[in-house]
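Scroll down for the structure; my scribbles are underneath it.
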Amino acid sequence: MKTFTWHKGGVHPPDKKSFSQDKPILEVPVPEQVFLTTAQHVGAYSKVIVSVGDQVQIGDKIGESAGYISASLHASVTGKVSKIDVITLPNGSRAPLVIINTDQEADQSVPKEVVPVDTLTAEEVAKKLEDRGVVGLGGATFPTHVKFSIPRNKSVEYLVINGVECEPYLTADHRVMLEHADEVVQGAILAAKAIKAEKIIIGVEVNKMNAIEHLRETIAHANAPITVMPLKVKYPQGDEKQLLKATIGREIPPAKLPLDVGAVVVNVGTVRAIYQALALNTPLIERVVTVTGEGALQPGNFLTRIGTPVAKLLEFAGGYSQNTTKFISGGPMMGNAINTLDLPITKGTSGIIALEHAQTRPFIETPCIGCGRCVRVCPMGLRPRYLAKTIVNRRYKDAKKEYIMDCKECGCCQYVCPAKLPLVHSFKVGKSLIRRGVQ
Amino acid sequence: MSHEFQEFIVETSPHIKTKSSTRSIMWAVILALLPATIWGLYMFGLPSFYVLLCSIVSAVIFEGVMAKVMKREVRRTLRDGSALLTGLLVGMNMPPVLPLYIPVAASFFAIVVIKWTFGGLGKNWMNPALAGRAFVAFSWPGAMSVWTSPRSLARLDAISSVSPLGETKTLLVEAGPSGISSAELLHSLGNPVTPIATRVTEFFSSIGIQMSPYNVDLFIGNVSGSIGEISAMLLLLGGLYLLGRKVISWEIPIAYLATFGLLIWTFGGTRYGLPLFTGDVWFHLFSGGVMLGAWFMATDMVTSPCTRAGMLIYGMGIGLFTFAIRIYGSLPEGSSLAILLMNTTVPLIDMYVRPRRFGDRGSLGKKFIKKSTPAGGNES
């Protein structure tokens, strides 16, 4: 079998997917309360359009898209708005929070109505996706309708579906491809039609061979013009830049978008959400979350309502061991450590990973010995060891000359660093200072 | 939400890291050096042990003192094993018998002057052990060129024997081009060979491969020289171990050895009055400090470039200078000075040889990147 990959940098962390890759998706019961933050996506927070005491039906819009890069927010349960509060998110930002008390008597099933899709124009598709609150489910949560609003002077050659799931531990996308391949395929066809893509490619790493085979069968059955490309296992192949290089051999220039090389990249979970939004009129109010890690007592994949507290999800998933020292929201390479299990699941939560002491033992930091491993694994061609020095010494102009804004915080450099230097942390700080205009 | 939850660790991503650490790297290198060290100790006996002991102990003590002076945590500084490694390398680069203040002086120069004046581990711009050796080699040139015969080649003039490299060089300088190869030269001087080398040579000649028994002895390590540099075989083994464990990468040693070997093969014979392409590659690869230098000295992470292309340039430079010093210079050995010389070029190499920025429309990029409008988002 011919496999594809990109060649610049990258690392091979142990994939640890065996905890949950064979566990079918289970549906988590509706919690008594849901916590819906308006910061479910990249861009402007959605504007709350309900007030305390309002009765809401499941799927009702409670937050309006507030800007070009923004998305709508919907009630994930039927109930009553009990409080509008403020929440501090794992990335440190603060955002409004709508708390809904679930109505135990009401029907809490997710609304689905089959609607015709053949007549939709490209503009209508983008509008509908914005209205249904569809955002990227791979982790970056970029509003999908923005990706689908193709400027007049650009054209799309490739729609690349991202089924890479290169982060260790996570298996949510894997399960979606296995259990909902039909919806993924239908969604891909709808999406390609909306953006007038000439070719559709699904990129899947070969540690998910069963998903590759199942997708191929489904595609053959549906007689759909989709190519599944098996990719060598390598992190961070799930980043759109590396994925496009691996699948269509094109490099996105710095500070450009996939569209600049004639491609649109969408995650498999997102493609499924697109299908549900367009064909079933379902808003994005639930997603598959992997609960896994050495500390998870019963690892698995769970269909969870957006706004469910992490604690409730963990409780349903069988809880966590007493030795658990760290919880990560997302993958271990790029996810955020969370300090409280009260945090709600958001549209971007691909997994909750419980790590035990053995995985979180602190490393002893030593001075940089200049081994250059960080330079050789950086997929963006940066020089982390010099870049970190510029930030530590507050030479932000030099940091820009070392292309700090190209850094996407994938963590390869810090993963391999024998001196255990907090490289990514310094880049995060440096980028945010430079964005704020610090000289 | 409440603020009473502090029971979980919160830190920035990535949350997983490789097990490889500064300490594990240093210990892997020490482990890889052990076979060659033990071979040297066995061949040269007790005096060489004292030399090694002095260099290692003094290096560790100097490191501890400097850490204290510079107000670093002494235990944590010593824990990384780098001083131990420097001390070991200093000792391995010493002749087996010499006044014991010399290895101490070499360790002092390596640790205090080269390593700590610039800020300790990771800040030195020359390989400390080699700089220490160079320092004492120029300070006590007499004592630093007294070579002992190894146990396996005991000769009458055991204490004042010369190294094969020095021997051929001296003859060359005194007698001029003789028109014969270095191996024939050694033979004509009556240098002994071990029975095992004779047997290996006979075996290979029976299957049609001709080789000099001197080179076999060089490869195995039946030769006089510095304590740790004599067994090319065991050093190669250690180097391959480091390659296998991915402590070092192939670029520097291979670029070094290939460049050096190629130059020696092409021009090495000309100094003996032989035509081009007659140089004795194996003699030069296995003698002196080339193997120790290629696998353990040139690959020192602190003083080598960080990009693959930079590493190749650096390795080729060392090969070129080792060749130049050995064949055209007045010193018999060139690898340590060549490495020190290239050490000083590393900041320059790193400044100009950069990795290609992803998506940069460089020479390679143009082929793949679709033309896009020049306007659009740029970094702030």
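The values are calculated or read from the model by the stated rules, or taken from the named source; none is laboratory data. For clarity, every value in this text was computed on a predicted model and none was experimentally measured. For neighbour counting, all protein chains shown are included, and Cβ atoms are generated from backbone atoms with ideal geometry for every residue, glycine included.
Taking the range B:27-46 as the region of interest, how many residues are over 15 Å from B:S82 (Cβ atoms), aliphatic (A, V, I, L, M) and surrounded by fewer than 20 Cβ atoms within 10 Å (Cβ to Cβ)?
4
Within the range B:117-129, take every residue that is hydrophobic (A, V, I, L, M, F, W, C) and under 21 Å from the mean Cα position of the chain (by Cα) and give me the one that is farthest from B:I318 (Cα to Cα).
Looking at residues that are hydrophobic (A, V, I, L, M, F, W, C) and under 21 Å from the mean Cα position of the chain (by Cα), I get B:L121.
Say whether the condition of being hydroxyl-bearing (S, T, Y) and under 15 Å from A:H180 (Cβ atoms) is met by at least one residue in the range A:247-266.
No, every residue in the range A:247-266 fails to be hydroxyl-bearing (S, T, Y) and under 15 Å from A:H180 (Cβ atoms).
All but one of (1) farther than 30 Å from A:T5 by Cα; (2) at pLDDT 95 or above; (3) more than 9 Å from chain B (Cβ to nearest Cβ) hold for A:V377; state the number of the condition that does not hold.
Going through the list (1) farther than 30 Å from A:T5 by Cα; (2) at pLDDT 95 or above; (3) more than 9 Å from chain B (Cβ to nearest Cβ), A:V377 breaks only (1).
In the set A:S70, A:S76, A:S93, which member is surrounded by fewer than 16 Cβ atoms within 10 Å (Cβ to Cβ), of a type in the set (S, T, Y) and within 19 Å of A:G307 (Cβ to Cβ)?
One residue alone meets the criteria, A:S93.
Please go through the range B:79-100 and pick out each residue that is away from every other protein chain (no Cβ under 14 Å) and either in contact (Cβ under 8 Å) with a residue 60 or more places away in the chain or within 18 Å of the chain's Cα centre (by Cα) (or both).
B:L84, B:G87, B:L88, B:L89, B:V90, B:G91, B:M92, B:N93, B:M94, B:P95, B:P96, B:V97, listed by residue number.
Taking A:K431 as the residue in question, decide whether it is farther than 30 Å from A:I25 by Cα, assigned to a helix (DSSP H, G or I) and facing chain B (nearest Cβ under 9 Å).
The answer is no for A:K431.
Can you spot a residue in the range A:382-395 that is out of contact with any Lys or Arg (no Cβ under 7 Å at 6 or more places or on another chain), assigned to a strand (DSSP E or B) and over 30 Å from A:H7 (Cβ atoms)?
No, the range A:382-395 contains no residue that is out of contact with any Lys or Arg (no Cβ under 7 Å at 6 or more places or on another chain), assigned to a strand (DSSP E or B) and over 30 Å from A:H7 (Cβ atoms).
Does B:S226 qualify as being loosely packed, with under 15 Cβ neighbours inside 10 Å and among the hydroxyl-bearing types (S, T, Y)?
It is false that B:S226 is loosely packed, with under 15 Cβ neighbours inside 10 Å and among the hydroxyl-bearing types (S, T, Y).
Among (1) buried (at least 24 other Cβ atoms within 10 Å of the Cβ); (2) within 10 Å of another protein chain (Cβ to nearest Cβ); (3) not small (G, A, S), there is one condition A:P422 misses while meeting the rest; what is its number?
(1)
If I ask for residues that are within 14 Å of chain B (Cβ to nearest Cβ), more than 13 Å from B:G359 (Cα to Cα) and within 21 Å of the chain's Cα centre (by Cα), which ones from the range A:247-277 would you list?
A:T247, A:L259, A:A263, A:V264
Considering only residues that are more than 8 Å from chain B (Cβ to nearest Cβ) and among the charged types (D, E, K, R), which ones fall in the range A:380-408?
A:K389, A:R394, A:R395, A:K397, A:D398, A:K401, A:E402, A:K408
Could you grab me the full set of residues in the range A:335-393 that are among the basic types (K, R) and under 28 Å from A:A140 (Cβ atoms)?
Those that are among the basic types (K, R) and under 28 Å from A:A140 (Cβ atoms): A:K347, A:R373, A:R376, A:R383, A:R385.
Among A:I345, A:I338, which is away from every other protein chain (no Cβ under 14 Å) and hydrophobic (A, V, I, L, M, F, W, C)?
One residue alone meets the criteria, A:I345.
Just give me the residues in the range A:110-135 being of a type in the set (A, V, I, L, M, F, W, C) and under 21 Å from the mean Cα position of the chain (by Cα), in sequence order.
Listed by number, the residues that qualify are A:A126, A:L129, A:V134, A:V135.
Given B:G359, B:G315, which one is more than 30 Å from B:L237 (Cα to Cα), within 14 Å of chain A (Cβ to nearest Cβ) and of a type in the set (G, A, S)?
It is B:G359.
Between A:V42, A:V56, A:V28, A:V77, which is farther than 24 Å from A:L341 by Cβ and at pLDDT 95 or above?
Going through A:V42, A:V56, A:V28, A:V77 in turn, the sole match is A:V56.
Looking only at helices (runs of 4 or more DSSP H) that fall completely inside the range B:63-144, which ones have 3 or more residues that are crowded, with 17+ Cβ neighbours inside 10 Å?
B:82-92, B:101-108, B:128-139
Looking only at the range A:289-323, count every residue that is within 14 Å of chain B (Cβ to nearest Cβ), surrounded by 23 or more Cβ atoms within 10 Å (Cβ to Cβ) and among the polar types (S, T, N, Q) and tell me the total.
Selection size over the range A:289-323: 1.
Determine whether the range A:351-365 contains at least one residue that is over 20 Å from the mean Cα position of the chain (by Cα), more than 10 Å from chain B (Cβ to nearest Cβ) and surrounded by 22 or more Cβ atoms within 10 Å (Cβ to Cβ).
No - not one qualifying residue is present in the range A:351-365.
Any chance you could count how many residues in the range A:320-345 are among the small types (G, A, S) and either over 19 Å from A:K16 (Cα atoms) or not in a loop (DSSP other than H, G, I, E, B) (or both)?
Result for the range A:320-345: 2.
Does A:G411 satisfy the criteria of being within 8 Å of another protein chain (Cβ to nearest Cβ), crowded, with 24+ Cβ neighbours inside 10 Å and touching a residue at least 24 places away in the same chain (Cβ under 8 Å)?
yes
State which residue is farthest from B:F44 (Cα to Cα) when the search covers only the range B:194-233 and only residues that are among the hydroxyl-bearing types (S, T, Y) and assigned to a helix (DSSP H, G or I).
Filtering the range B:194-233 for residues that are among the hydroxyl-bearing types (S, T, Y) and assigned to a helix (DSSP H, G or I), the one farthest from B:F44 (Cα to Cα) comes out as B:S206.
Looking only at the range A:358-378, how many residues end up being assigned to a loop (DSSP other than H, G, I, E, B) and on the phi < 0 side of the Ramachandran plot?
The qualifying residues number 11.
From (1) in contact with a Ser or Thr (Cβ under 9 Å, 6 or more places away or on another chain); (2) within 12 Å of chain A (Cβ to nearest Cβ), pick out the condition that doesn't hold for B:P103.
(2)
Would you confirm whether any residue within the range B:22-45 is touching a Phe, Trp or Tyr at 6+ places or on another chain (Cβ under 9 Å), free of Cβ contacts under 8 Å to residues at least 60 places away in the same chain and within 11 Å of chain A (Cβ to nearest Cβ)?
no
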